[in-house]
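Taking it in order: structure first as structure tokens, then the write-up.
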Amino acid sequence: MRFLIYLIAGIAGGVLGGMGMGGGTVLIPILTIFCGVEQHLAQSVNLFSFLPMALLSLKVHFSNGLVDTKGIAWMIVPAVLLSGVGSFFVKELSGPVLRSAFGVFLCMLSVWQAYQGVRQIRQKRAKKAA
């Protein structure tokens, strides 16, 4: 049964990660809640599994002409540097604190996504009315 849960977690994380939705938003909660994996390990598994998913997704998106490379260095350099700094910071946090911080992040992300969705709906309605 445990294997089936891990398989479902991998499939869900892989599909969502390949779609660009962030497989970690699904994979980490599944691993911690349903599989009993410690938070730091779940975060590590997510980061490790992200690499092949990201490379494959990037290849597909490039072949479909969906990647805009303007200003890419201005995103990559700070992201890599801050990821390194963040990893040293997170290493010192306890599991419960890291779990709570991740939960707050997911809640903030949900609010932001809802705001963006409502904004797009309003813009479409305004265009139709004009």
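Values quoted throughout were computed directly from the atomic coordinates according to the rules given, and no laboratory measurement underlies them. These numbers come from a predicted model, not from an experiment. Cβ placement follows ideal geometry from the backbone for every residue including glycine, while neighbour counts extend to all protein chains displayed.
Stretching Leu66 away from Ser87 to a fully extended chain increases their span by 4.5 nm, per 0.36 nm per residue minus the current alpha-carbon distance.
Which whole-number percent is the relative contact order of the chain (Cα, under 8 Å, 6+ apart)? So the answer I get is 19 percent. Under the simplified labelling scheme, the Ser94-Leu106 pair shows an inter-label distance of 2.1 nm, with each label point 7 Å from Cα along Cα→Cβ. Over segment 82-130, one equal point on each Cα, no solvent: what is log10 I(q)/I(0) by the Debye formula at q = 0.17 Å⁻¹? Relative scattering, expressed as log10 I(q)/I(0), comes to -0.65.
Rg/Rh for the chain (Cα atoms only, Rh after Kirkwood) is 1.03. Distance between the 7 Å Cα→Cβ label points at Val15 and Leu55: 2.5 nm. Descending by average beta-carbon neighbour count within 10 Å, the peptides 40-46, 88-94, 6-12, 69-75 line up as 40-46, 6-12, 88-94, 69-75, the highest first.
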